[in-house]
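Below is one structure, written out as structure tokens; comments come after it.
Taken together, the values in this text are just the output of simple stated rules run on the coordinates, not laboratory data. Small disclaimer: the values here were computed from a predicted structure and weren't measured. All Cβ positions, glycine included, derive from the backbone under ideal geometry; neighbour counts span all protein chains shown.
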Amino acid sequence: MSLLIGILITFLVIILVLYLVNMLPIDGRAKQIVRVIVIIIGVLSLLKYLAIF
């Protein structure tokens, strides 16, 4: 059960950070780079929860 809660919290944090990045007043190229970095960190975190990485 704690595994599911950890995955859900991680997913919600990723969504929140992506939303906040969208609100930043920076150009499109920088937003794209930040989005990719956030998604990569989020995927690595989810893999860590699943004990794959």
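The set of residues in the range 16-53 that are within 21 Å of G6 (Cα to Cα), surrounded by 13 or more Cβ atoms within 10 Å (Cβ to Cβ) and not hydrophobic (A, V, I, L, M, F, W, C) comprises G42, S45, Y49. Scanning the range 1-36 for residues that are assigned to a helix (DSSP H, G or I), aliphatic (A, V, I, L, M) and closer than 20 Å to I52 by Cβ returns L3, L4, I5, I7, L8, I9, V13, I14.
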